[in-house]
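**Q** The following block contains the structure, expressed as structure tokens.
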Amino acid sequence: MTIGSGRDEIDLYYFGPAHTSGDTFVVFKALRTMHVGDVFAWKALPYVDPPNGGTVMRGGKTLAKVLAGVKDVDTIITGHIRCRPGTT
């Protein structure tokens with residue numbers, strides 16, 4: 001799905017379940033940037049939320065579809081930022 005136009009155009013992609021059953025990849029075309037949400041939450045093992053449809057078994061196939069389907073992206077914004085207890 002595409003929303004906006006010109007420099008404000010944003011593409012929304014769904015390739016299947018990974019973190020949850022509703023993972024959306026948001027591409028800011030003019031910035032060549034994609035927000036991947038919690039599919040890549042931090043530098044560690046995948047963060048999977050089974051109660052919300054997340055799956056380790058299908059996550060790899062979903063990521064392969066992302067790599068094949070999204071082009072012209074130079075920067076990836078991940079989801080959660082891990083904070084130490086007592087920080088914001």
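**Q** Output the residue which, of all residues in the stretch 1-60 that are under 13 Å from Ile76 (Cα atoms) and among the aliphatic types (A, V, I, L, M), is most open to solvent (accessible area, probe 1.4 Å).
**A** Leu31
**Q** On to the next question. Counting only residues that are open to solvent by 60 Å² or more (accessible area, probe 1.4 Å) and part of a loop (DSSP other than H, G, I, E, B), how many does the stretch 61-79 have?
**A** 4
**Q** All but one of (1) modelled with pLDDT under 90; (2) outside any helix (DSSP H, G or I); (3) in contact with a His (Cβ under 7 Å, 6 or more places away or on another chain); (4) not basic (Lys, Arg) hold for Val26; which doesn't?
**A** In the conditions (1) modelled with pLDDT under 90; (2) outside any helix (DSSP H, G or I); (3) in contact with a His (Cβ under 7 Å, 6 or more places away or on another chain); (4) not basic (Lys, Arg), Val26 misses (1) alone.
The values are calculated or read from the model by the stated rules, or taken from the named source; none is laboratory data. Predicted model only: the values in this text are computed from it and were never measured. Note that each Cβ is placed from the backbone with ideal geometry, even for glycine, and that neighbours are counted across all protein chains shown. We work out accessible area using only protein heavy atoms, side chains counted, and drop any ligands, DNA or RNA first. Shrake-Rupley method; radii C 1.70, N 1.55, O 1.52, S 1.80 Å.
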